[in-house]
């Protein structure tokens, strides 16, 4: 009996907590449904008599939102692909081989997280300008794929560490080369971690603003965050549009997170220690 | 730049492209602050747009950095004579910018439905304000304000200093803040809020704008740029800022121009095209188009003489208001003065300083900041020594490599596969992280700043010394530690707590898990801005909820230092707990059920089980996550910057990284900022090493 | 079919020398078991044959060819791992077919081979399952099947049965042995279990501390252990080793130890023993001690009076732990009467099955 009461208690607590957690997210949706000027209102209601989908209509029909979306998808897709390929290969090397410099590489991966990212912007820019990669997706993609990389490599390495060596040994004896043992046997087994890596790479590029702002100058190349920010002029923001844009930008990430939350628990191995 | 203005600009550019089929104009838009920092970065990289359009106050810094060209050699002097003199921006005896309109000045706008004639003096203003600040529905909350404006910003404040007699800046660019006028102006604004209560307690630009547009404010102080926005929504009139009754003087709004400058890297044929385009964009024809579309006060004499302008009553009225203003200074020092003034002014408004102390302090700070901004440390012996040391270090690396090349070569051959697998990622990380890191290391040893923008040299450890001897660093460091510790402990405890709850047999547990991840999934900048909105004193949901549920009086979340810092922390806790929850869930799943059963047989309570089984078992997963979380939190600039709007109030909500950002991009102190980043890096490295040692986890690597 | 020959193989990991010059040859079609305590280097040796480790020195010769630098994928050996190492994402069928797909064999041929092996191992019912849906024994069979499909020149087994329970282990032991007779190819089998070694091997290679202690048929190792280590490792329950002296009294030789005196005159080449230094280690296996009570021929000269300490009843035999003086003796006795701790017991020593070892070198004294 007491067990049931306890469960009920916990359940109701979780319901309340979840609602509180979701409120800010719902709040944006509420704003996106109001007119530009009604965002300063004392009403807590998300849907009011003034609410309408007008901002969404404007967003899709009167702005370049669809172009930005297409651009963002393109960039994020390539970044995700590159991120997964790079993280999975180098994570594998770090997990399986005891080569000279391995420890140094692992520690420096962690160290890259310690330097304030804002100070990296100026050198990024200089480098890209020297390579003539300003105003091109290539420059953006290189930066995006690499910034999420240290974490993704750690993450992949952590996962590989949990896979017994015997698996690829068996594959090699079965006739695989080192590389095909990796691609044919280890990668399929690492699917949960790959999914997580893909998710992080995607997130790193999908909603990034600061780097995109220095690399991309042609409005035709704008990604979503850049476009979104252009609704927000220094002294006048089109709040309704901005919020509607924010909602739409968040949707793909939400969908990914929600559909992959199963993998998040099993695949996130930042903490795994090789035993 | 407003959306409408951008559209108008595109229109005239399209027209130009029509008549010049071989030329294509690419427009790229940035907000003022970003325009500045992005253009600086691109100038160092040797690129960037040919033509830069922006407010005149950016001329000073750009000219000092040498990233825009002087226009005197490019245009005949007769060209400049076509414009009003304050549209031709000169600095240090040279011309740098030509404006396509003048204005950008503040004025009083009033809702004609509520006010027939605008107040002419501050006494009238207060009186009218009092009668128009009303609680319409009698619920004890004010629904309509007499006056609103973004009063916490210096730009919106300095006209009043003029109204009380003095001006805030001297002709040589030095600050003039320690004046009776400044004190009186401080006290005046504070009295509007606290004594006469005709303005809201917290009011940023967005709030003021929205209140005025929806008829919930009778008057607003705003600039000419907002006309287009209000035109269809409010029937408004414009007037000069009311005369200060005690002095009989009118407040003096800053009048500036927005105009075009030319990138120093633009040369040759591109340059002549650029000159041609600039001539077109400032021509009477284009300016008249703007008059029609946007009601911009033209800068071209020919346009001003045009009947369309002569007969435009709004513009005529505006011209009178402009006469009461003073030109916007273009010196780079302005930024330091704004900065010093903003902080002290916000302290007065927060009630932590009296006007006199604030006036004294703002003057001292401004002088101080100008000094640090302008100082050029000459490379002395130490600089040479460091240079030599760097050279030796590189040489030593080379020699070591040469001596050990056989070992390296063998290692490479033995593990060729591993090295090849690592190579692509290594190259990426090398270019994107390690190169910039090295670059910063060099910069931190150099005198890179506003005045040495293009010719910096290595000077040694000056910046490190000045960071470490500055008391401010330690208080920032203290705040950063509080920020990190509070955040991470909440992330972990909340995360573990929720994970333990969710991990039980519970209906809909997967739904909970999914929904609770959402804060993590939401893009950070969107989340931070949303939270900022929710913290608004009068209209934010947080105060509304606190009021409705707990009947609490509204908290001034964003204008009081402790509250604002708490607001940042609350936001970040919300953003960060899902990560820890997910990691903890992963850890919990690896605990065998038998352990709990065994402990139950041994008679352990829930609590004992948690302490003796759950915690030790998830510790190995949690510790690396805690290390990462700590590093991320320590270096998380987004939340602090966006929620506190860049350190408000009075730069008291900064943590180390946001201060780095400010030093580098607001105050042009790149060398100093780089040294500070290196110190942050060292602090975090030490933390990680110590933490790993203490938790016996150096095996992780 | 191919033999495997290892010549002067050495290997160390850092400062830790695992193999110190190993010479061993598995003949074609032979079932060779490499056995030894854990850490003796046997698994490393097997991995060197497979190509998963590179030896620091020495040659690996398979089928007459030096294969030191050949990639494991090209060595034509199959290996069964201790933890099976089944590919978790593939079904049983795919697991079996994997090596053939890598070799790009035709679909029909793959199918044929997989079915053949599956039937041989009775796993044809399981082909659609994933490894995690299988029991331990079934996984073991799949692992075997995966090797079988290959039709390799050489089979390698790395402690394949150590994760199974006792009953299954015995079953699989037979199964593997049967496979060997059916397929009749070279198999090298690593284990730490001497029972597996004794029951399965054509020849055993007994390793300890990175060296080979003895190579030979199970009988040789049992009957003529090269040293005390071999004698204790092989044979269950383990041999009794007793320190003592060989003395000559009235022209006949005796082995003397605390509480024990055994007449050695019946041993054939006893002269050899007499010439040696008097201090020796005598070994006697528990099964070579008999209860005087049941003995048809009494031998009072070689009867030891013991006191029983502990009795382990194994059904057909009882393992009796006893002592005489300070010497501990365990004997494996047919159960005909009940023996209790504290009883006195007369044990007859089968003099012809005694082993003698040098006290110093622990080497066998050949008689």
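The values are calculated or read from the model by the stated rules, or taken from the named source; none is laboratory data. On a predicted model such as this, the values are computed, not experimentally measured, just so you know. Note that we place each Cβ from the backbone using ideal geometry, even for glycine, and neighbour counts take in every protein chain shown.
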Matching residues, segment C:330-341, being in contact (Cβ under 8 Å) with a residue 24 or more places away in the chain, assigned to a loop (DSSP other than H, G, I, E, B) and surrounded by fewer than 16 Cβ atoms within 10 Å (Cβ to Cβ) = C:336, C:337, C:340, C:341
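Residues are listed down the side, and each one gets a yes or a no for (1) crowded, with 20+ Cβ neighbours inside 10 Å; (2) on the phi < 0 side of the Ramachandran plot; (3) touching a helix residue (DSSP H, G or I) at 6+ places or on another chain (Cβ under 7 Å); (4) in the same structural domain as residue B:49 (by TED's automatic domain parsing):
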site	(1), (2), (3), (4)
B:241	yes, yes, yes, no
B:272	no, yes, no, yes
B:276	no, yes, no, yes
B:288	no, yes, yes, yes
B:296	yes, yes, yes, yes
B:310	no, yes, no, yes
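Can you find a residue that is under 30 Å from the mean Cα position of the chain (by Cα) and away from every other protein chain (no Cβ under 14 Å) anywhere in segment B:125-143?
Residues of segment B:125-143 that are under 30 Å from the mean Cα position of the chain (by Cα), as a first pass: none.
Within segment B:125-143, none of the residues are under 30 Å from the mean Cα position of the chain (by Cα) and away from every other protein chain (no Cβ under 14 Å).
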Hey, can you tell me all the residues within segment C:8-40 that are outside any strand (DSSP E or B), in contact with a strand residue (DSSP E or B) (Cβ under 7 Å, 6 or more places away or on another chain) and under 16 Å from residue C:213 (Cα atoms)?
-> C:36, C:37, C:40
Of the residues in segment C:230-265, those that are closer than 24 Å to residue C:323 by Cβ, under 14 Å from the mean Cα position of the chain (by Cα), touching a residue at least 24 places away in the same chain (Cβ under 8 Å) and not in a loop (DSSP other than H, G, I, E, B) come to C:231, C:233
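Kindly check whether there is at least one residue in segment B:215-223 that is in a helix (DSSP H, G or I) and out of contact with any helix residue (DSSP H, G or I) (no Cβ under 7 Å at 6 or more places or on another chain).
No, because not a single residue in segment B:215-223 is in a helix (DSSP H, G or I) and out of contact with any helix residue (DSSP H, G or I) (no Cβ under 7 Å at 6 or more places or on another chain).
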Long-range neighbours under 9 Å by Cβ, at least six apart or interchain, first residue under 17 Å from residue B:535 (Cβ atoms) and facing chain B (nearest Cβ under 7 Å) within segment A:14-28, second exposed (fewer than 13 other Cβ atoms within 10 Å of the Cβ) and at pLDDT below 90 | none
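Condition (residue is within 14 Å of chain A (Cβ to nearest Cβ), assigned to a helix (DSSP H, G or I), surrounded by 16 or more Cβ atoms within 10 Å (Cβ to Cβ) and more than 26 Å from the chain's Cα centre (by Cα)) applied to segment B:379-398: is it met by at least one residue? It would help to see each step written out before you state the result.
Restricting attention to segment B:379-398, the residues satisfying the condition of being within 14 Å of chain A (Cβ to nearest Cβ) are B:397.
Then drop every residue that is not assigned to a helix (DSSP H, G or I), which leaves B:397.
Add one more test, that the residue is surrounded by 16 or more Cβ atoms within 10 Å (Cβ to Cβ), and what stays is none.
So far as segment B:379-398 goes, no, none of its residues is within 14 Å of chain A (Cβ to nearest Cβ), assigned to a helix (DSSP H, G or I), surrounded by 16 or more Cβ atoms within 10 Å (Cβ to Cβ) and more than 26 Å from the chain's Cα centre (by Cα).
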Per the list (1) assigned to a helix (DSSP H, G or I); (2) in contact with a strand residue (DSSP E or B) (Cβ under 9 Å, 6 or more places away or on another chain); (3) crowded, with 17+ Cβ neighbours inside 10 Å, residue check on residue B:339 breaks on (2)
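Yes/no matrix, rows are residues, columns are (1) surrounded by fewer than 20 Cβ atoms within 10 Å (Cβ to Cβ); (2) more than 8 Å from chain B (Cβ to nearest Cβ):
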residue: A:103; (1), (2): yes, no
residue: A:152; (1), (2): no, yes
residue: A:161; (1), (2): yes, yes
residue: A:170; (1), (2): no, yes
Any residue in segment B:410-439 that's within 20 Å of residue A:95 (Cα to Cα) and at the interface with another protein chain (Cβ under 7 Å from one of its Cβ atoms): show its pairings with residues that are modelled with pLDDT of 85 or more and surrounded by fewer than 19 Cβ atoms within 10 Å (Cβ to Cβ) at Cβ separation under 6 Å, as long as the two are six or more apart or on different chains.
-> B:415/A:97; B:418/A:97
Hits in segment B:45-101 (condition: surrounded by 19 or more Cβ atoms within 10 Å (Cβ to Cβ) and out of contact with any strand residue (DSSP E or B) (no Cβ under 9 Å at 6 or more places or on another chain)) = B:45, B:61, B:65
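Please count how many residues of segment B:293-336 are outside any helix (DSSP H, G or I) and under 21 Å from residue B:240 (Cα atoms). Write out each step before concluding.
In the first step, residues of segment B:293-336 are kept if they are outside any helix (DSSP H, G or I); the result is B:295-300, B:306, B:311-312, B:325-332.
Now drop any that are not under 21 Å from residue B:240 (Cα atoms), which leaves B:295-299, B:311-312, B:325-329.
Counting residues in segment B:293-336 that are outside any helix (DSSP H, G or I) and under 21 Å from residue B:240 (Cα atoms) gives 12.
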When every residue in segment A:77-135 that is in contact (Cβ under 8 Å) with a residue 12 or more places away in the chain and outside any helix (DSSP H, G or I) is compared, the one farthest from residue B:434 (Cα to Cα) is A:135
Residue among B:18, B:26 that alone is more than 9 Å from chain A (Cβ to nearest Cβ), surrounded by fewer than 19 Cβ atoms within 10 Å (Cβ to Cβ) and out of contact with any helix residue (DSSP H, G or I) (no Cβ under 6 Å at 6 or more places or on another chain) | B:18
Just give me the residues in segment C:295-329 being closer than 17 Å to residue C:244 by Cβ, in a strand (DSSP E or B) and touching a helix residue (DSSP H, G or I) at 6+ places or on another chain (Cβ under 9 Å), in sequence order.
-> C:329
Return the only residue of A:118, A:112, A:89 being facing chain B (nearest Cβ under 7 Å), modelled with pLDDT of 85 or more and within 23 Å of the chain's Cα centre (by Cα).
-> A:89
Answer from C:5, C:73 - the residue that is surrounded by fewer than 23 Cβ atoms within 10 Å (Cβ to Cβ) and either assigned to a strand (DSSP E or B) or under 21 Å from the mean Cα position of the chain (by Cα) (or both) = C:5
Residue in segment A:237-247 that is in contact with a strand residue (DSSP E or B) (Cβ under 6 Å, 6 or more places away or on another chain), more than 8 Å from chain B (Cβ to nearest Cβ) and modelled with pLDDT of 80 or more present | yes
Residue A:181: passes all of (1) surrounded by fewer than 21 Cβ atoms within 10 Å (Cβ to Cβ); (2) more than 7 Å from every other protein chain (Cβ to nearest Cβ) but (1)
Is it true that some residue in segment B:530-542 is touching a residue at least 24 places away in the same chain (Cβ under 8 Å), part of a loop (DSSP other than H, G, I, E, B), more than 10 Å from chain A (Cβ to nearest Cβ) and buried (at least 21 other Cβ atoms within 10 Å of the Cβ)?
-> yes
Cβ-Cβ below 6 Å, separation at least six or inter-chain, first residue in segment C:342-367 and closer than 18 Å to residue C:330 by Cβ, second surrounded by fewer than 15 Cβ atoms within 10 Å (Cβ to Cβ) and modelled with pLDDT under 85: which pairs?
-> C:348/C:295
Just one listed residue, out of B:116, B:181, B:191, is without any contact (Cβ under 8 Å) to a residue 24 or more places away in the chain and part of a loop (DSSP other than H, G, I, E, B), and it is B:116
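Look through segment B:543-560, keep the residues that are in a helix (DSSP H, G or I) and more than 15 Å from residue B:141 (Cα to Cα), and return whichever of them is nearest to the other protein chains (Cβ to nearest Cβ). Spell out how you get there, then give the answer.
Let us first name the residues in segment B:543-560 that are in a helix (DSSP H, G or I), namely B:543-550.
Subset that is more than 15 Å from residue B:141 (Cα to Cα): B:549-550.
Values: B:549: 11, B:550: 14 Å.
Ranking the qualifying residues of segment B:543-560, first place goes to B:549.
Rundown of residues vs (1) buried (at least 21 other Cβ atoms within 10 Å of the Cβ); (2) not assigned by TED's automatic domain parsing to the domain that holds residue B:493, yes/no style:
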site	(1), (2)
B:607	no, no
B:611	no, no
B:621	yes, no
B:657	yes, no
B:680	yes, yes
B:684	yes, yes
